[in-house]
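Asks: Mind having a look at this structure? Questions to follow.
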Amino acid sequence: MRAAAIALAIGLCSTQSACRKPSPSCVVSLFGSTQQVTHLAECASLSATVRAGEPHYVLRFGDKPALPAELHAELDLGPRPTTGSFSDTALRAFHATLKTSPTCTFVAGGDAVPRGRAWLELSALDLSHPSAQTVHGQLTLTLRLHAAAQSDCGPVDTETVSLRF
């Protein structure tokens, strides 16, 4: 009986893609002082919050401890987000930090000087199930270095982060 079950499993796995190792649903690439590509099972979370008395959807990265170099990003998608392409000027608010060492932090967002850049491409968005909201797309961030005096943070003062989720 056990041999038959093993033979059946081997037969199914040789003909069905479901038995293959699943591909990661998040790829994080760092370019600049840090050169790194990380493949993760997931990296983005979408949640609804209330801001100024109206609901807003917030896209977050960094809730997952496996993200490289202490990356955290938050983008306010507004009360009725849609799929499409959005620059940092079209987003209601965004903030991102990438800490590469105890003295080297790269920053972007409305409260950062210089501001940095963000480009968001939302390819799929499903808000119909509050407990299982899904979002897919790509986020590209250009972050600027904010470092302690006399820190060695690498050869460049910007870091580009690309997240495909």
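Values quoted throughout were computed directly from the atomic coordinates according to the rules given, and no laboratory measurement underlies them. Computed from a prediction, not measured in an experiment: that's the story for all the values here. Every residue, glycine among them, receives a Cβ derived from its backbone with ideal geometry; neighbour counts consider all protein chains shown.
Asks: For the residue pair V113 and H39, what label-to-label distance in nm results when each label sits 7 Å from Cα along the Cα-to-beta-carbon direction?
Replies: Rounded to a tenth, the inter-label distance reads 4.4 nm.
Asks: Under a crude label model (7 Å from the Cα following the beta-carbon direction), how far is E74 from S25 in nanometres?
Replies: For E74 paired with S25, the spin-label model returns 2.3 nm.
Asks: Using 1/(1 + (r/R0)^6) with R0 = 35 angstrom and r between the beta carbons of S123 and Q150, what's the FRET efficiency to the nearest 0.05? Don't jump to the answer; show the numbers that get you there.
Replies: Working: r = 43 Å, r/R0 = 1.24.
The value I calculate is 0.20.
Asks: Kindly write out, for the stretch 81-98 in residue order, the coupling ³J(HN,Hα) from the Karplus curve 6.51 cos²θ - 1.76 cosθ + 1.60 (θ = phi - 60°), rounded to whole Hz, with x marking Gly and Pro.
Replies: Coupling constants for the stretch 81-98: x, 9, 6, x, 10, 9, 8, 4, 6, 8, 6, 4, 6, 8, 8, 9, 9, 9 Hz.
Asks: Got a sec? How would F94, F86, F106 order by Cβ neighbour count within 10 Å, fewest to most?
Replies: F86, F94, F106
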